[in-house]
Amino acid sequence: MNNREYVVGIRADGGQGIGMGHIMRCLALAREFRRKGNTVYFICKAAEGAKKIIEEGFEVLLLDSGEATERDVDFNLGSNLLKEAYEMVPLIDQKKIAVLIIDTYDVSIEYFSALKTQVKKLVYIDDLKKAVYPVDMIINGNLTSEYMNYQKDYGDQLLLLGPTYNMIREEFINQKHRKIHKQVRHIMITTGGTDPHHMTSRLLDMILSDNKDLNLTIHLIIGSLFRDITDLKKIEEQDHRVILHENTARISDIMRLADIGISAGGTTLYELAACGTPTLAFILAENQEFLVGKMDEAGYVISLGWFHQIEASRFLKQLKALINNYTQRVQMSRRAQKLVDGRGIERIVIAIDKMMKGSNESSSLLL
């Protein structure tokens, strides 16, 4: 191993109830580290997320300390979290992990403190800003980070904030200028890696019930953790307007084909923005509410509100209004493509590399 290389550990989970957002963005980060010559290990609880990681060619170190969860961060003392931290210590030592990156909401102050002494640098990927984090670097690539009053609360802590550091995958780097068609022909629906509330079926039913004159083709993105898609497959067989895409290798191709996207909040909204796809967004979890609201205010998406409050007539009215407003779709697309350039992962790895070399002057290489 040369002077530039060091071992990276990533603590993240994915599965039913958690979704695959943490895993997918950390995989993008891991691939960039690997491309630069670093060894990367994932540390996981959930077998579902671990399976996806292994498919990408990374080694997974499985923990035994309880089930993977996705609670809001409360930063109370937690014996289970300390148990997890202590379980990670021998793994860190065994694999000689120098940089540990945490991407989970299920953390505590004591959890961070116990791990901080075991590695050269501790990094936290944050979405919520619930407390002061005793870590060396905080990454929040969300549009909402500017409203969260981050400060360097811990020593020489580095803050990588805003869409410049958004962790979308490599396929979204420098997407071409989007051409907006006057006539809408293709719509895509995505809920991410999982769909516990069956929103794909619900939204599809709403559109098909009123798709007599619109002549739409509806593309359904089927994530890796969808439990039962039997009914969706039956609809696809019976209706030529419906196309299922299961675990597609390049979702950006479908996003660019789609004239309009209908998506849950989260990382997917940034991917759609990079592709310049005018999007209707709905909220599946509390951590998505702030983001969807702010992206709606800024004109990047149109908010449909919470998933359980979506009612057919109002949804169809919003969809038709966007279909019939070519100017609005053009404006949304142009605005969205300026939000992210897909190079956030590259900037993060450069910043961590400079931090490991003892330099905090990361800004010079991140523009």
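Annotations for the structure displayed:
- Scanning segment 160-193 for residues that are part of a strand (DSSP E or B) and buried (at least 21 other Cβ atoms within 10 Å of the Cβ) yields a total of 5.
- From the list Val242, Val292, the lone residue that is farther than 24 Å from Ile345 by Cα and either open to solvent by less than 10 Å² (accessible area, probe 1.4 Å) or at pLDDT 95 or above (or both) is Val242.
- Tally, over segment 266-284, of residues that are open to solvent by 30 Å² or more (accessible area, probe 1.4 Å) and touching a strand residue (DSSP E or B) at 6+ places or on another chain (Cβ under 8 Å): 1
- Condition met for Leu244 (over 16 Å from Thr279 (Cβ atoms), in contact (Cβ under 8 Å) with a residue 40 or more places away in the chain and aliphatic (A, V, I, L, M)): no
- Picking from residues in segment 47-82 that are closer than 25 Å to Glu286 by Cα, modelled with pLDDT of 55 or more and among the small types (Gly, Ala, Ser), the one that is surrounded by the most Cβ atoms within 10 Å (Cβ to Cβ) is Gly49.
- Scanning segment 326-367 for residues that are of a type in the set (Ser, Thr, Tyr) and either at pLDDT 95 or above or within 27 Å of His186 (Cβ to Cβ) (or both) turns up Tyr326, Thr327, Ser333.
- Take the conditions (1) open to solvent by 60 Å² or more (accessible area, probe 1.4 Å); (2) within 23 Å of Asp353 (Cα to Cα); (3) modelled with pLDDT under 95; Thr104 misses just one of them, which is (1).
- Qualifying residue in segment 277-287 (condition: outside any strand (DSSP E or B) and under 21 Å from Thr217 (Cα atoms)): yes
- Only one of Gln118, Gln151 that is at pLDDT 95 or above, farther than 27 Å from Gly19 by Cβ, among the polar types (S, T, N, Q) and open to solvent by 20 Å² or more (accessible area, probe 1.4 Å): Gln118
- Residue match in segment 251-270 (condition: of a type in the set (Lys, Arg) and in a loop (DSSP other than H, G, I, E, B)): no
- Those residues of segment 207-235 which are in a helix (DSSP H, G or I), in contact (Cβ under 8 Å) with a residue 12 or more places away in the chain and either among the aromatic types (Phe, Trp, Tyr) or open to solvent by 20 Å² or more (accessible area, probe 1.4 Å) (or both), in sequence order: Leu208, Asp231, Ile235
- Close contacts from segment 108-134, counting a first residue that is among the β-branched types (Val, Ile, Thr) and a second that is assigned to a loop (DSSP other than H, G, I, E, B), with Cβ to Cβ under 6 Å and a gap of 6+ residues or different chains, come to Ile109/Phe75; Val132/Asp153.
- If you go through segment 296-325 and keep only what is within 16 Å of Leu203 (Cα to Cα), polar (S, T, N, Q) and surrounded by fewer than 14 Cβ atoms within 10 Å (Cβ to Cβ), you end up with Gln309, Ser313.
- Of the residues making up segment 28-41, just one is open to solvent by less than 40 Å² (accessible area, probe 1.4 Å), within 11 Å of Glu56 (Cα to Cα) and touching a residue at least 40 places away in the same chain (Cβ under 8 Å), namely Ala28.
The values are calculated or read from the model by the stated rules, or taken from the named source; none is laboratory data. Not measured: the values here are computed from a predicted model. As a convention, Cβ positions derive from the backbone with ideal geometry for all residues, glycine included, and neighbour counts pool all protein chains shown. Side chains included, ligands, DNA and RNA excluded: accessible areas come from the protein's heavy atoms. Shrake-Rupley method; radii C 1.70, N 1.55, O 1.52, S 1.80 Å.
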